[in-house]
């Protein structure tokens, strides 16, 4: 696998969340700015079976940034385009460390949905 191609940025959201719906345009714009990164918009309710029962998202939008299987960031973010870019840049610069705790299998599940 190409080193650049194994980067994943996923927004875990819900269709009923107004903030997520407003954030979608910024997320899609960030995806266009970073064509070497796989971006995924994942509705956690539509894909609950694939994501597993252990996933408990309490606030939206929640961003997942992974390089291969190493999760570099997993958490709630402010819904701004600049936040996506800064988080991805920090992860790529190794300013965000691997080993962030996420439910087992989450990265694979999100990749399969992307």
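Rule-based calculations on the coordinates, nothing more; no lab input. These numbers were taken from a predicted model, which means no experiment stands behind them. Quick reminder, even Gly has a Cβ in these numbers, built from the backbone with ideal geometry, and neighbours come from all protein chains shown.
7 Å from Cα along Cα→Cβ at both residue 16 and residue 36: what's the point-to-point distance in nm?
4.1 nm
Assuming R0 = 22 Å, can you tell me the calculated FRET efficiency for the pair residue 80 and residue 111, based on Cβ-Cβ distance, to the nearest 0.05? It would help to have the intermediate numbers written out before the result.
Numbers: r = 25 Å, r/R0 = 1.14.
Here the calculated transfer efficiency is 0.30.
Pop a pseudo-label 7 angstrom from the Cα along the beta-carbon direction at both residue 25 and residue 89 and give the gap in nm to one decimal.
In this crude label model, residue 25 to residue 89 measures out at 2.3 nm.
Quick one: order 85, 19 by neighbouring beta-carbon count within 10 Å, fewest to most.
On the way: 85 16, 19 13.
Listed from fewest to most nearby Cβ atoms, that is 19, 85.
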